[in-house]
Amino acid sequence: LAVPVVSGKAELELPHRFLVKDGRPQFLLDNAGATISELALGVTTGAAQGAKTTAPLKLGRFRLEGLALDTTARTVSAQLLRAEGLAATVQRKSDGSLDIVSLLSDKNKPANPAAKAAGDAAKWSVSASRVELADSSLAFSDAASGIAVALEGITGQVSDLSLDKARPLPFELAATAR
């Protein structure tokens, strides 16, 4: 990430096996889980004496259940991904860029085209039985137009998510706009 983690706690359950079969390493996870709570990414502005840290991206709790991974079969699946209390503040700058993009990508990290090409050649199957979002909010403002919109009480869910299959993705999403 391009910004520091201001706070957060992670708990991991990683029942795993590491095998070498026919000279090839294989790493397996079966029914793994993770919980991340009170995560906040911070941005510090101002001089050292008057510096102010804000957290434009916060996550109350993220839970991952039933994670299975097989490096030989190139599969990753989860029974449940659930995010609660996600709060994001996004601003569209006058040049059209979104400030959240600069938070999540490190501009100082050089691109590695060879790694991307190798990644494309070795596609992975990624799926989740259920993805849920609860009690979340999004504040968006546009510096050029002065328009500001806030979505509160965002809840949503998706079932049978698969990133390697092109098909319609039914979902439910509800929010209150302000």
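The values are calculated or read from the model by the stated rules, or taken from the named source; none is laboratory data. Not measured: the values here are computed from a predicted model. In this analysis, Cβ positions are derived from the backbone assuming ideal geometry, glycine residues included, and neighbour counts consider all displayed protein chains. Note: areas computed on protein heavy atoms with side chains; ligands, DNA, RNA excluded. Shrake-Rupley method; radii C 1.70, N 1.55, O 1.52, S 1.80 Å.
Summary table
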| quantity | calculated |
| --- | --- |
| Heavy-atom accessible area order for Leu57, Leu41, largest first, 1.4 Å probe | Leu57, Leu41 |
| Separation of the Ser37 and Asp142 label points, Cα + 7 Å toward Cβ, nm | 4.0 |
| Potential lengthening between Glu11 and Ser159 on full extension [0.36 nm per residue; Cα-Cα distance subtracted] | 50.8 nm |
| Net charge of neighbours whose Cβ lies under 13 Å from the Cβ of Asp142, counting Lys and Arg as +1 and Asp and Glu as -1 | 0 |
| Thr54 paired with Asp22, simple spin-label distance in nm, labels 7 Å along Cα-to-beta-carbon | 5.6 |
| 25 °C / 0.890 mPa s Stokes-Einstein diffusion coefficient of region 52-95, Kirkwood radius on C-alpha pairs, µm²/s | 181 |
| Arg167-Lys93 pseudo-label distance in nm [points 7 Å out on the Cα-to-Cβ vector] | 4.1 |
